[in-house]
Amino acid sequence: MLEINDLHAEVDGKTILKGITLSVKAGEVHAVMGPNGSGKSTLAAVLAGRPGYEVTGGSVSYQGNDLLDMEPEERAAAGVFLGFQYPVEIPGVSNSYFLKAAVNAARTARGEPEIDAVSFLKELRAALKDMDMSDDMVKRGVNEGFSGGEKKRNEILQMLMLKPKLGVLDEIDSGLDIDALKVVGKGINALRSPERAFVLVTHYQRLLDHIEPDVVHVLADGQIIRTGDRQLALELEDKGYGWLTGEAA
Amino acid sequence: MSGPANKSVPFVEALNQQDAQDADALATFIDVGLPTKALEAWKQTNLRPVAQQAFALAADGAPAGAWLEAQDASTDTDRIVFINGHFSADASHIGDLPDGVVLAPRSQAQNTTVANLGQRSPGFAALDALNAAFAHDGLVLHVPDNTTLSRPIELIDYANNTSDQAQMAHLRHQIVLGRNTHVQLIERVGGDLASDQLNSAVWTGSLGDNAQLAMSRLGALPDDTGMRLQRIDLTLGRDAKVTVASADLGGKLVRVDTDVALTAPGSEAHVSGIYFADNGGHIDNHTRIEHRAEHTTSRELFRGVAAGKSKAVFNGMVVVEKGAQKTDSDQQTAALLLSDRAQVASKPELEIYADDVKCAHGNSIGQLDEAALFYLRSRGLDEQTARTVLTFSFLNSVLELMPDTDLRSAAARLVRDRMPGGERLQDAEAFAQ
Ligand SMILES: Nc1ncnc2c1ncn2[C@@H]1O[C@H](COP(=O)(O)OP(=O)(O)OP(=O)(O)O)[C@@H](O)[C@H]1O
Ligand SMILES: [Mg+2]
């Protein structure tokens with residue numbers, strides 16, 4: 001589904017991704033771990049097409065198409081979803097308007113008619129319930145005044161409504177208490193299917209207790225320095241990154 | 001001090017003494033002349049487009065054109081319509097009013113005088129005189145003590161020019177609200193203009209103790225022909241409260257001065273506005289809040305955008321006089337530049353002569369937030385829609401402060417119409433709740 005090959009990227013003239021190769025098949029869950037500043041969010045941003053991130057080498061193909069050649073909204077239409085490490089607050093645009101606009105953009109891209117108000121509300125209510133969010137949170141501005149945990153739940157709420165094919169979730173577990181982590185884990189698991197794939201950026205093994213990864217990668221200084229199975233995540237939890245990067249733990 | 005005035009310019013030379021209602025005011029205007037950029041208050045707004053043309057005073061009897069026809073005839077308001085500065089009985093309707101209330105065009109009201117305002121607003125003195133000289137009509141509203149008007153009063157100031165001649169028209173309004181009164185006021189400004197037209201309007205109002213006035217304004221003049229010079233001057237008594245919420249959404253040259261004097265403890269001014277300059281237009285908002293007594297409060301919030309090759313100006317003066325202790329004032333302004341040819345000049349000004357006061361202000365000019373733009377695009381909204389959504393929400397959050405909900409919706413529609421793809425924001429009401 002996703003083939004990243006020797007990807008190099010820079011931000012503001014600074015090289016951050018230094019040759020990343022990664023292959024994600026439909027149905028798989030990949031975890032990407034690594035020290036702060038290693039380039040995990042940069043990788044996610046490049047996959048979603050964030051302006052200002054310049055690809056200087058390599059390629060990314062998604063479902064056989066050149067992902068890097070697509071606008072961010074085209075990627076979204078093709079089923080790529082980025083869960084933000086720091087979701088953006090947009091005061092003045094209500095969450096419900098935003099969700100509806102996003103759902104309709106996806107439907108239009110698929111050649112389907114816009115969703116009717118009743119079906120939209122039904123889906124929204126179900127997703128809100130799954131995410132343990134109150135109705136009034138969709139009336140508020142997008143992420144406006146939300147706590148860190150509420151913002152993360154709102155990301156998953158959007159993902160449940162949009163049903164992407166590839167979910168790239170950047171530290172979706174940071175700032176979540178145990179209960180919220182369960183809720184978020186449940187939301188992600190609900191979408192797992194043989195046609196969908198996920199890339200989970202995380203610092204913590206505990207997320208992976210809820211969502212079992214097929215493959216675990218360690219990203220350090222812009223490169224993947226180790227790939228393994230679940231055991232690798234447990235080992236990292238135990239020993240830190242030092243033993244892999246050559247520094248003292 | 002006053003620099004070279006526009007005295008011997010086509011505008012002044014074309015004035016017809018015979019048309020003047022007030023010879024003294026005309027003499028004052030001719031003596032002072034149109035303000036020039038040498039005056040501080042007119043630094044950012046050049047009146048040359050006015051000075052260089054001869055404007056004929058618009059005659060009575062102009063028809064109701066497309067713009068006026070399109071104003072939904074709300075039955076829930078007392079509507080008073082002026083066409084080119086002349087009262088239109090046909091287009092107006094006034095229902096039953098509580099005892100003692102005077103609501104009439106000045107041409108039909110008795111025993112009313114309108115104060116001369118020149119002294120208080122040096123930047124507007126000449127224009128005030130011009131308005132006084134030529135305005136022979138306007139709204140008169142007197143509300144006796146302890147009276148609430150249940151319906152809003154809706155004033156329509158309509159400009160119509162089907163000729164190939166530049167025209168001008170003037171209105172002078174007066175509001176006197178007694179103690180414990182409640183009044184909602186709406187001002188709609190628009191026009192159908194084949195040629196340039198200059199409309200001026202001066203509002204003077206006084207609010208008695210504990211009176212409340214909620215004023216909603218919507219101005220949308222054609223960007224190629226509509227010119228407007230407006231001043232609102234309100235004086236508040238003890239515990240009186242005024243809200244003035246404006247939306248200025250078009251015009252070749254629009255200048256609105258909103259001045260509030262808080263003369264007694266407990267009085268409050270809430271002044272807000274949005275503007276959207278485009279198509280080479282020019283929109284200038286000046287506010288002046290005078291805290292003249294202790295325990296007075298003011299809140300100001302202005303947001304606007306300038307697109308294309310347009311220019312917008314905001315200047316917010318807050319004066320805290322000696323003795324006005326415990327003044328609480330806050331002024332926040334923000335502007336978005338939607339193109340690199342657009343210009344915004346925004347300036348807060350504080351003059352504080354008391355020491356125990358709280359005066360906050362914030363002023364920003366910038367572009368749309370790139371992070372928010374990307375967030376929307378990453379959820380599938382195309383770039384243009386994302387820009388339109390963000391621009392609309394930027395303005396809408398201030399528009400929400402407009403007391404009259406019908407006027408607010410009308411303003412929201414006009415904002416959408418000014419943006420590419422804006423018609424797709426159909427459920428704008430659902431935007432922010
Ligand atoms: N705009 C920028 N200009 C210069 N350097 C940047 C910019 N944005 C990010 N960086 C740098 O790129 C590097 C990688 O950042 P990135 O956010 O991808 O790290 P990360 O692995 O997600 O870290 P964390 O675990 O803290 O989220 C960091 O050194 C960061 O300082
Ligand atoms: Mg990160």
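The values are calculated or read from the model by the stated rules, or taken from the named source; none is laboratory data. Quantities reported herein were computed from a predicted structural model and do not represent experimental measurements. Cβ placement follows ideal geometry from the backbone for every residue including glycine, while neighbour counts extend to all protein chains displayed. Keep in mind that these areas ignore ligands, DNA and RNA; they rest on the heavy atoms of the full protein, side chains included. Shrake-Rupley method; radii C 1.70, N 1.55, O 1.52, S 1.80 Å.
Overview of results
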| read-out | value |
| --- | --- |
| Descending principal axes extents, segment B:277-433, alpha-carbon based, whole Å | 56, 33, 28 |
| Area projected by the alpha carbon convex hull of segment A:140-249, averaged over all directions, nm² | 8.1 |
| Karplus-derived HN-Hα couplings along segment B:21-32 (A = 6.51, B = -1.76, C = 1.60, θ = phi - 60°), whole Hz, x at Gly and Pro | 7, 9, 5, 5, 4, 4, 4, 4, 4, 5, 5, 8 |
| Most fluctuating residue given options A:173, A:221, A:116, as computed from a GNM of chain A linking Cα atoms under 10 Å | A:116 |
| Trypsin sites (Lys or Arg not before Pro) lying in DSSP loop within segment B:332-423, provided at most 14 other Cβ fall within 10 Å | B:341 |
| Per-residue average of Cβ from other chains inside 10 Å of A:94-103 | 5 |
| Accessible area of residue A:70 in the full protein assembly, 1.4 Å probe (Å², nearest 10) | 40 |
| For segment A:2-245, the Rg and Dmax computed from alpha carbons only, in angstrom | 17.6, 55 |
| Positive minus negative residues near residue B:339 (Lys, Arg vs Asp, Glu; Cβ under 14 Å) | +3 |
| Dimensionless Rg ratio for segment B:4-367, taking C-alpha atoms and the 2.2 N^0.38 Å reference | 0.94 |
| Whole-Hz couplings from phi, Karplus 6.51/-1.76/1.60, listed for segment B:414-421; x for Gly and Pro | 5, 4, 4, 5, 8, 10, x, x |
| Cα→Cβ-extended label distance, 7 Å offset, between residue B:38 and residue A:147, nm | 6.4 |
| Built amide H within the under 5 Å cut-off of residue B:327, gap 5+ | B:295, B:296, B:358 |
| Of B:43/B:322; A:151/A:239; A:139/B:241; A:152/A:239; B:252/B:309, those spanning more than 21 Å from alpha-carbon to alpha-carbon | B:43/B:322; A:151/A:239; A:139/B:241; A:152/A:239 |
| Quarter of the Cα convex hull surface for segment B:369-433, i.e. its orientation-mean projected area (nm²) | 4.3 |
| Full-extension gain in nm, residue A:18 to residue A:163, via 0.36 nm per residue minus C-alpha separation | 49.1 nm |
| Translational diffusion of segment B:5-103, µm² s⁻¹ [Kirkwood Rh, Cα pairs; Stokes-Einstein; 25 °C; 0.890 mPa s] | 144 |
| Of every Cα-Cα pair in segment A:45-186, the percent that sits beyond 21 Å | 46 |
| Dipole-positive endmost among B:280, B:364, B:55 within segment B:4-367 (Cβ charges, Cα centre) | B:364 |
| Fluctuation leader among B:265, B:222, B:420 - chain B, Gaussian network, Cα springs under 10 angstrom | B:420 |
| Solvent-accessible surface ranking, highest first, for B:355, B:196 at 1.4 angstrom | B:355, B:196 |
| Quotient of C-alpha Rg and 2.2 N^0.38 Å, computed over the protein assembly as shown | 1.16 |
| Interchain or long-range residues, amide H under 5 Å from residue B:349's placed H | B:316, B:317, B:318 |
| Centroid-to-centroid separation of segment B:122-199 and segment A:1-60 [C-alpha atoms, Å] | 62 |
| Two-site FRET efficiency, residue A:123 against residue B:424, from Cβ-Cβ distance with R₀ of 30 Å, rounded to 0.05 | 0.90 |
| Chain pair A, B: total accessible area buried, heavy atoms, 1.4 Å probe, Å² | 2300 |
| All aspartates and glutamates inside 16 Å of residue B:37 as judged from Cα atoms, apart from same-chain residues fewer than 8 positions distant | B:284 |
| Cut-off 14 Å between beta-carbons: net charge of the residues surrounding residue B:186, Lys and Arg +1, Asp and Glu -1 | -3 |
| Choice from B:159, B:126, B:354 showing the highest fluctuation, given a GNM over chain B with Cα pairs closer than 10 Å | B:354 |
| Modelled FRET efficiency - R0 41 Å, residue B:21 with residue B:279, Cβ distances, 0.05 increments | 0.75 |
| Spin-label pair residue A:3/residue B:54, simplified geometry with 7 Å Cα→Cβ offset, distance in nm | 7.9 |
| Segment residue B:353-residue B:110, length gained on full extension (0.36 nm per residue, minus Cα span) | 83.3 nm |
| In order through segment A:162-176: 3J(HN,Hα) via Karplus (6.51 cos²θ - 1.76 cosθ + 1.60), integer Hz, x for Gly, Pro | 8, 6, x, 8, 10, x, 9, 10, 8, 6, 5, 8, 5, x, 9 |
